[in-house]
1. Give me the net charge of Gln162's neighbourhood, meaning all other residues with Cβ under 14 Å from the Cβ of Gln162; Lys, Arg count +1, Asp, Glu -1.
2. Using protein chains only and a probe of 1.4 angstrom, how many square angstrom of Ser388 are accessible, to the nearest 10?
3. Please determine, in degrees from 0 to 90 and to the nearest 10, the orientation of helix 329-339 with respect to the longest principal axis defined by the Cα atoms of the chain, where the helix direction is its Cα long axis.
4. Run the numbers for Asp95 and Lys76: contour at 0.36 nm per residue of separation, minus the present Cα-Cα distance, in nm.
5. Taking the Cα centre of the chain as origin and charging only Cβ (+1 Lys, Arg; -1 Asp, Glu), how large is the dipole, in debye to the nearest 20?
6. Of [x] 1.21; [y] 1.72; [z] 1.00, which one was derived for Cα Rg over 2.2 N^0.38 Å from the structure shown?
7. Cross-link candidates for Lys70: which aspartates and glutamates have Cα within less than 14 Å, leaving aside residues fewer than 8 places away along the same chain?
8. Using a ≥ b ≥ c from the Cα gyration tensor of the range 740-789 (square roots of the eigenvalues), is it rounded, prolate or oblate, where a/c under 1.5 gives rounded and otherwise the larger of a/b and b/c decides, a/b for prolate?
Amino acid sequence: MSVKAFELVPAVERDLLMGDKARINIECIECCGKHLYVGTNDCFIHHFLLDEVTSSKGKLSYSAQKLLHKYLGLKKPVAELRAASALERLIVLCDGIVFLVDMVTLETVPSAAGGGAKIRGVTAFCINENPVNGDPFCVEMGVLSSKRRTVQIYMVYEDRVQLVKEVTTPEQPCAVSVDGYFLCLALVTQYMILNYNTGVSQDLFPYNSEEKRPIVKRIGREEFLLAAPGGLGMFANAEGVSQRAPVNWSENVVGATVCFPYVVALDESFITIHSMLDQQLKQTLSFRDGHILQDFEGKVILASTKAVYVLVPLPLERQIQDLLASHRVEEALTLTEGAQRNIPKDKFQVANSVLFGFLWLKYVKKKTKGQLDVRELISLCPLLLPASSSFTRCHPPLHEFADLNHLAQGDQEKVLRCKKFLISYLGEVRSTEVANGCKEDVDTALLKLYAEQDHESLLDLLASDNACLLADSVPWLEKYRKYFALGLLYHYNGQDSAALQLWIRVVNGDLQDSTRSDLYEYIVDFLCSCSNVDLVWKYADWALQKDHTIGVHIFTKRPVGKDRPELKPDDVVTYLGKHSQALVLYLEHLVLERKIQKEKFHTHLAVLYLERVLSLLSQSPTDEEQLTRARERLQALLRESNLYRAQFLLGKMEKYEQLLLERATLYGKLEEHDKALHILVHKLRDFSSAEAFCLWAASSRDSAYQQQLFHLLLGVYLDGNPPGESQKAAGGGSGDLEMAAVDLLNRHGEVFDAVRVLRMLPEGWSLQLLRPFLGRAVRASMHACRTSQIARGLAQSENLQLLHDRLKERKKPIFVSEKKGCHLCHNTFSEPDVVCLPGGVPVHTHCIAQRIRDSPTKRQLTNSSNHT
């Protein structure tokens, strides 16, 4: 059945093209934007400017203005024209010669010095619209030679052409189209696909080019349209496979193209339009003497021998409406599904009305006036409307169908398609005025459709503001096992406990719902942000039993806000008492991340770390890797924290010889450094740790404290093994200690008091051993001496300046009279003897004497006697 998909609009009339010259005929056309080029049989190129004109009624027409025409001088018809806009060139085929013409002046481009701009002996050529060369200022072109069975690939530049490839064919090629590396060729007896890069070819089907004109048209990336025997339009891709059904057109087709979703074909008398979606003939237009049909970037242009026309497609919305007006719902549905991506968003609701095409004519007037009740559509799907809905179908009824099953005559595929369109339609209108007054009905119906169709937007609907009715939605979501979505609905309606119970049953395996594989983590996050503290305490135990590492996030990642009361750390610690591993993680969160400065948390964490270490030590065999990690955590806490009860922890470790390093750290916290160094040097024999201990213990103290620690360590080294401890028990002899002492001095010489060290050292030591230490000590001493000299000089200079200022002040006269008063007692002066305060302020001598007696700190005064 026919549908009006295109209109034929004149573009260049006969009089504008040729005037009164009756023998001039159009041979070829090319369009680039608004610029139209026409080649004629008298070897002229005519240049026109086409402007689109839209009337007040929306009807499109074209206004043509002739800019220029140019004679090429070859006295043969212009056979082909192709525009290379990036080069501002026209590629022209005339008298078997391909050459370049300027697009603006129509002047022939002269050959460059390094190469020619002409190709001779050409029967046809085509432009590669999917070029493989990355140069934007170069055009790829396939050329057919009249003398050889070859296809030549040329690169066209601004003023030259360059041959880059020549491919041999089994027969003389008649027509060619190029896409990337693929050539689609019409040979004398068959069509074929040839990859000119690899040489691989694929025969398609036979065709006699001597009987009928072959058609080879590129319609998309690696896809071609061909004229096949029997009046068929065949589609073929680069692999030689047809992925679309053929179109049955005229036996005498002379040109064809694609304007999605239609195939447009031209014969001697008619233009035929077939649908690519159902291969049916949709429209036929009368067109006499037509011999050219081409598309230029979506614009379909035809030409007779005397005039040029544009085939203007009607808007898809208009086509759909026309189909609906003819009650051809199935065709409208097919058209909408196939071309939906080309429909503008603001027309989306119109296109979706195809879902209920049989209603269109009756409700379209109401819809344009804003009176359409969307529930008329929803009511066609059984049980979508809530049981509490007050909606009743209008009277008289808009249609004679009971529901979608009645409409589709039991075809479930059609029912499914209708429901998918209804989902799209309701999703568009639910937030518009169309849903005013019935939002609960619309949202509930949409939820039911989402659940039934397993639609990805179900969760988006429930996670946003919605009006879904709980009573109607619960059984529907349960029916389709959408328990996670049901939990979201419970949460939206303030029933968090019901949501949690449902989700926990899914995680436990009592209910099946594959919506979220990470539902357990989602529950933990939900409890993190839950404002109901009672629910947190109630369900946290289940989460911790499931996975203490993730479950503890309920407490460690809980945000603090006005609507989320904070959980007191003391309460959480008490609650986690039965979950020891989670308790450790929570205390780490308090101590290491939040930096809470409370002794009990620091001590508690240290005790738990210690218990873990002792537990691993008691195992047989001992897991050394785990023990090492546990001790490292304990040692780090003991070093970094200053709040735990060191004496308490020391008491728990005393009988464990394996924890000597930890005990040394605790002695350091208690500032019993001699005991700590004794452990490190004599029991552990760990000299590097002893030096590190000194640096750590003095890290927040002054240099004198650090010097004291290093002298203490040096003394431990020099004292040798303690009385009663054999060398074997100590792990080595006094020689090791002496070498450790030397290394210590040489590495940290700047810390020590050199004089004191020299007094401590045994007399028998070689100076050569101490050379690095002594060198650094001398340099440090000289540096300190020179620094003190500089400081002394600066102080002397400052003192000299102050003395100078004082003398200047003393030379100034101090004026007193009976009219001036004392600054302290405010009485006038009767005698010339006064005391001058800093700043030249005179006061009575007895006043300042009294002030000195009353003040605990004496002040410097300047006495002066002045006579007026």
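1. On the way: positive: Lys118, Arg160, Lys165; negative: Asp135, Glu140, Glu158, Asp159, Glu166.
Spelling it out: positives minus negatives among the neighbours equals -2.
2. That residue has around 90 Å² of solvent-accessible surface.
3. For helix 329-339, the angle is close to 50 degrees.
4. Details: separation 19, 0.36 × 19 = 6.84 nm, distance 0.57 nm.
Taking Asp95 through Lys76 to full extension adds about 6.3 nm, to one decimal.
5. 2800 debye
6. Checking each listed value against the structure points to [y].
7. Qualifying aspartates and glutamates at Cα under 14 Å: Asp42, Asp102, Glu107.
8. Values: a/c = 2.23, a/b = 1.90, b/c = 1.17.
Here the range 740-789 falls in the prolate category.
The values are calculated or read from the model by the stated rules, or taken from the named source; none is laboratory data. Values in this document were obtained by computation on a predicted structure and should not be read as measured data. Cβ atoms come from the backbone with ideal geometry, glycine included; neighbour counts cover every protein chain shown. SASA here: full protein model, heavy atoms, side chains in, ligands and nucleic acids out. Shrake-Rupley method; radii C 1.70, N 1.55, O 1.52, S 1.80 Å.
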